[in-house]
Amino acid sequence: MARARRPLFCGNWKLNGSIAESLALASDVRNGVSTVRDADVSVAPSFTALYAVAKRLEDGPVGVAAQDCFWDEKGAFTGEVAPSQLVDVGCKQVIVGHSERRQLFGELDAAVNLKARAALGAGLVPIICIGETLAERDAGETLGRVQAQLDAALAEMSGDELARVVIAYEPVWAIGTGRNATPAQAQEVHHFIRTRVAIRAPEVAAKLRILYGGSVKPDNVRALMAEPDVDGGLVGGASLSAESFVRIVKEGSAA
Ligand code: PEP
């Protein structure tokens, strides 16, 4: 059965890799996915390697994403990077609201919204991460937490802007832990997200790509992708090996 949406697999390399290592990984990913026709693929290197990797991948099928951005264009914001600067170095996407930014750097929902809107304004696709902690899941607060993060992240976006957004559902307890959500758990939340967006914009919701993130591996991606509302993966640890990331893309897009 044909998929309702074209899958996207994004490899989040986090704080890893010299420029040389990032270039080698990028080349191996590009070569590995060269026969993949049924999915979009992108990689998110560290800021320091973005320009080199974007040059290496220029005109090929693999896109480049940044791992974060700021919401203002210029000024006295030491250490920050503007969306237009990311466009300048060749990025097409930017991850915003990753749980590591929320948990380790105190990023709040309002900042995620500002970042996502600034990214859209610069022509980038924001991959907006949302997801509950283990304590929230155990307390039965998963859908409430996801709803609050989703509504805050998408606040004040126009219909055109909403249509360009990608959501990544990343249960915090599954990130980097080797413990992934079951396909049924992922589907429940993905369906909830789509239904929530549909209240505001039904046509957008039908086309919205909702990625799953949290210990995605070559041996669990098929089952996740078999769920009707799972449209791809945001892959951390397993994207640091071209071999495993390419297998995830191939297995996932064939599911
Ligand atoms: C992530 O960093 O977004 C992620 C999902 O990491 P991992 O695949 O390692 O759990």
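Considering only region 30-40, I want to know if a residue exists there that is at pLDDT 95 or above, under 21 Å from residue 120 (Cα atoms) and of a type outside the set (Gly, Ala, Ser). Checked region 30-40: at least one residue is at pLDDT 95 or above, under 21 Å from residue 120 (Cα atoms) and of a type outside the set (Gly, Ala, Ser).
Can you run down the residue pairs with Cβ atoms below 7 Å, 6 or more apart or on separate chains, where the first is in region 18-30 and more than 17 Å from residue 40 (Cα to Cα) and the partner is surrounded by fewer than 16 Cβ atoms within 10 Å (Cβ to Cβ)? As it stands, the answer is 19/48, since those pairs meet every condition given. The condition of being in contact with a Gly (Cβ under 6 Å, 6 or more places away or on another chain), among the polar types (S, T, N, Q) and within 16 Å of the ligand (Cβ to nearest atom) does not hold for residue 244. Of the residues screened, residue 239 is one that is touching a residue at least 24 places away in the same chain (Cβ under 8 Å), crowded, with 16+ Cβ neighbours inside 10 Å and within 10 Å of the ligand (Cβ to nearest atom). From the list 211, 224, the lone residue that is closer than 24 Å to residue 15 by Cα, within 13 Å of the ligand (Cβ to nearest atom), open to solvent by less than 10 Å² (accessible area, probe 1.4 Å) and among the hydrophobic types (A, V, I, L, M, F, W, C) is 211. Evaluated against (1) open to solvent by 50 Å² or more (accessible area, probe 1.4 Å); (2) away from the ligand (no atom under 16 Å from the Cβ); (3) among the acidic types (Asp, Glu); (4) assigned to a loop (DSSP other than H, G, I, E, B), residue 219 falls short on exactly one condition, (2). Scanning region 114-127 for any residue that is more than 26 Å from residue 45 (Cβ to Cβ) and among the small types (Gly, Ala, Ser) turns up nothing.
Comparison of 200, 145 shows that the only residue that is more than 16 Å from the ligand (Cβ to nearest atom), open to solvent by 50 Å² or more (accessible area, probe 1.4 Å) and closer than 21 Å to residue 107 by Cα is 145. List the residue pairs whose Cβ atoms are under 8 Å apart, where the first residue sits in region 175-193 and is in a helix (DSSP H, G or I), the second is within 16 Å of the ligand (Cβ to nearest atom) and hydroxyl-bearing (Ser, Thr, Tyr), and the two are 6 or more positions apart or on different chains. Pairs found: 186/169; 186/212; 189/169; 190/169; 190/212; 193/169.
With the checklist (1) touching a strand residue (DSSP E or B) at 6+ places or on another chain (Cβ under 7 Å); (2) within 21 Å of residue 202 (Cα to Cα) in hand, flag the one item residue 124 doesn't pass. Among (1) touching a strand residue (DSSP E or B) at 6+ places or on another chain (Cβ under 7 Å); (2) within 21 Å of residue 202 (Cα to Cα), the lone unmet condition for residue 124 is (2). Here residue 50 does not fit the description of being among the hydrophobic types (A, V, I, L, M, F, W, C) and more than 21 Å from residue 166 (Cα to Cα).
Out of everything in region 165-197 that is within 16 Å of the ligand (Cβ to nearest atom), over 17 Å from the mean Cα position of the chain (by Cα) and more than 15 Å from residue 237 (Cα to Cα), what residue ends up being surrounded by the fewest Cβ atoms within 10 Å (Cβ to Cβ)? It comes out as 182.
The values are calculated or read from the model by the stated rules, or taken from the named source; none is laboratory data. Model, not experiment: these values are computed from the prediction. As a convention, Cβ positions derive from the backbone with ideal geometry for all residues, glycine included, and neighbour counts pool all protein chains shown. When the accessible area is computed, the model is the full protein with side chains, heavy atoms only, and any ligands, DNA or RNA have been set aside. Shrake-Rupley method; radii C 1.70, N 1.55, O 1.52, S 1.80 Å.
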